[in-house]
1. Where residues in the range 315-335 are of a type in the set (A, V, I, L, M, F, W, C) and within 22 Å of the chain's Cα centre (by Cα), which of them is farthest from P362 (Cα to Cα)?
2. Is it the case that some residue within the range 401-423 is free of Cβ contacts under 8 Å to residues at least 24 places away in the same chain and polar (S, T, N, Q)?
3. Just name the residue that is nearest to the chain's Cα centre (by Cα) out of those in the range 168-223 that are hydroxyl-bearing (S, T, Y) and over 30 Å from I132 (Cβ atoms).
4. Restrict the check to the range 178-189 and report whether at least one residue is free of Cβ contacts under 8 Å to residues at least 60 places away in the same chain and among the polar types (S, T, N, Q).
5. Give the residue that is surrounded by the fewest Cβ atoms within 10 Å (Cβ to Cβ), with candidates limited to residues of the range 282-300 that are part of a strand (DSSP E or B) and in contact (Cβ under 8 Å) with a residue 60 or more places away in the chain.
6. What about K260, is it over 23 Å from the mean Cα position of the chain (by Cα) and at pLDDT below 95?
7. Tell me the residue from L495, L536, L474 that is among the aliphatic types (A, V, I, L, M), over 23 Å from the mean Cα position of the chain (by Cα) and within 26 Å of P387 (Cα to Cα), please.
Amino acid sequence: MKIRKRYWILLMAAGLTIFAFTPPADRYFEIAKNMEIFASLFRATNDLYVDEVSPNKLMHDGIDAMLNSLDPYTNYFSEDQVEDFRIINTGEYGGIGALTRTFNKRTVISMVYENYPAYKNGLRVGDEVIRINDIELAKLTVEEAGQLMKGQANTPVRLTVRRIGTDNLIDLEFRREKIKISSVPYAGMLGNDIGMIRLAEFTTDASKEVKSALVTLKEKGARYVILDLRGNPGGLLNEAVGICNLFLPKGKKVVDMKGKIEEFNQTFETKLAPLDPDIPVAVLISRSSASASEIVAGTLQDYDRAVIIGEKSFGKGLVQESKPLPYNAMIKYTKAKYYTASGRCIQVLDYSHRRADGSAGPVPDSLKKAFKTKNGRTVFDGGGIDPDIQVEARDVASIATALFVNGFIFDFASQYAYRHKTITEPKLFSLTDAEYAEFVHWMKDKRLNYASELDTQLQELEEMAKKEKYLNDLKPTLEMLRQRVRDNRKQDLMLFKDQIKKLLEEEIAARYYLERGMVEVGFRYDDEIKKATEILQNTALYRQTLAIKQ
C-alpha cells in the first residue's frame, strides 16, 4: 500500500508542478490532459492489479495524498464524512447529550449534559454501556458504537448499562433530540470581581454565547474578565470577529483575508457598539490555541485591549472554506491567509516552500517582520502569537498520562463516587492524604505499563551504541541504568502526586457537578489563572504591560 500511495503522490505532485509553471491560457488543456491520464491509470489499476482493490478507498487515498501535498487543512470529505464535518462546525447533532470514552473495549459515559435526554432520563457519568438497542458494544468498533448513539432527532434509542453498586444491568430509554454542544463549557466567578469564560471552539453562535456569559458575569459583579482560549483549535472566522467586537469599538479592523484570487480578499471590521470597551481583559492561550483563537488573541493584543498570558500559540494563519462536490461529497480548501489588525500574518509553517524530504519548515527568524501595536509595543509575524506574559505549561508525567489513558483515574473516581454520596463545592474539594493513599493501595494489584522520557532516551542510546559498535562494552551499564529506572518508578505515584491528584479530583468532581466541577476543581493548580488574576487586580501592572499612558 505504501508503494501505491507513493505513486499517487508522484502523480499528483507532477500535475501540480505542471500547473505551477503553465501560462493561464494553457491551463485548461493541461488539466484535461492530466485528468485523462489519471482516469486511465485509475481504471487500469482497478482492472489489472494482482489483488482486489476498493475503488472508493483507492480514490480516497489518491485524493488525500494530492491534498496533503498542499497543506494539512485542505481535505476531502466523502458523503459519509460530511455529517461529522457539519457537527464540528455547528456543534449540533442528533443524539442524547452524552460523551463516551473507551478503555480496553469498555465504553463508558465520560460526561452528560444537563437539560438533554441522557441526564434527564438517568444516565450518569461512570456508567458502562453494554448494549445499544440490544447490540453488544464489545463487538463493535469505536466508530460504529458512536454512530449507534447518534441518529435523527425524535427517534428512540435504548441503552443497557452497568453501574457500580448495582448488581443487575440497567435498561434506559431515550428519545434523541437535536443536541447543540455549547462553545462555552464554563463561565463563572473567580472570587468577587473576576469573571472567567472558557471558550472551547468557534462554532455557530459562539460570539452570542460569550456575550451572554459576559453579561451574566457583569451582573454578578465582574469588574475584570479572563477569556480562556487554551486548547481552542479555532473554527468560524465571523465568530472570532464577533467576540473581538464585544471589547472593541465599532468600525475597528479585526482581520484582513488575502489570497491569490482577488475576490476572496476581504477586510473584517467590528460592526456593532461594544458590550464593554473598558473592562480589563486577560486572554489565556496555549501552544494548541490556533486559527480563530489567534485572531482574537492577536487582534486584542494589536489594540492593547487585553493582556495575553500563557504560551506561544500554534501559528495557523490560513483560512479554509468548504465547497460541495458531486455525490454529496465536499472539499475544504485553503483560500487565503489572514492578517491581524497590525498587518501581521502569524502562519508558522511555509507549505509553499518545502524541504527536500517534503516537510514544511517554520518561517526563519531572519524573515520575520516587526509590527507595532496601538500603544507602540513591538510584535512579530511568522510564528504564532507571543504572549505578553509567558507562563510555561507543566509537562505531564508519563505515569499520569498512562493512568488517565488506561482508565484507572476514571474507575477510581467512579468507585469514590459510589462510596461518597456528596462532596463539597468543587472550588473547595481536595482529596486528603489518606484518600490518596487509598488510591496508591488500590493500584498495587493493577498492571500499568508506560515508558518514561528516560526509558525512551535509554532505548535511543542503546540503538546508537549498537550502530557505533559499542553495545557490548556499554550493555552492563545500560542494564544497570534500566534497573535503577525500574526501581525509581515504584515511587512515581508519590513523586508525581500533585499531577495525579489533580486528575483524580477533576474526574471525581465530574460525577457530582459535571463540566463545572471538572473546571473549578482545577483552579488551584492553574498557574495561568493565578497570573491573570494577579495582573488584572494590579491596575498599575496591567497598564504598564499594555503600555497605557498614565
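The values are calculated or read from the model by the stated rules, or taken from the named source; none is laboratory data. Computed from a predicted model, the values in this text were never measured in an experiment. When we count neighbours, we look across all protein chains shown, and the Cβ atoms used for this are built from the backbone with ideal geometry, even at glycine.
1. Restricting to residues being of a type in the set (A, V, I, L, M, F, W, C) and within 22 Å of the chain's Cα centre (by Cα), the top hit is I331.
2. no
3. Looking only at the range 168-223, we keep the residues that are hydroxyl-bearing (S, T, Y), and these are 182-183, 186, 203-204, 207, 212, 216.
Cutting the leftovers down to over 30 Å from I132 (Cβ atoms) gives us 207, 212, 216.
Values: S207: 19, S212: 24, T216: 27 Å.
Restricting to residues being hydroxyl-bearing (S, T, Y) and over 30 Å from I132 (Cβ atoms), the top hit is S207.
4. Narrowing the range 178-189 to residues free of Cβ contacts under 8 Å to residues at least 60 places away in the same chain: 184, 187, 189.
Okay, now just the ones that are also among the polar types (S, T, N, Q), so none.
No: zero hits.
5. Taking the range 282-300 and keeping what is part of a strand (DSSP E or B), we get 282-285.
Now restrict to residues that are in contact (Cβ under 8 Å) with a residue 60 or more places away in the chain: 282, 284-285.
On the way: A282: 29, L284: 27, I285: 31.
Checking each candidate, the answer is L284.
6. yes
7. After ruling out the rest, the residue left standing is L536.
Condition check ((1) under 20 Å from K252 (Cα atoms); (2) in contact (Cβ under 8 Å) with a residue 40 or more places away in the chain; (3) among the hydroxyl-bearing types (S, T, Y)) across all residues:
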residue	(1), (2), (3)
A341	yes, yes, no
R344	yes, yes, no
H353	no, no, no
A356	no, no, no
V363	no, no, no
R377	yes, yes, no
G384	no, yes, no
D388	no, yes, no
V391	no, yes, no
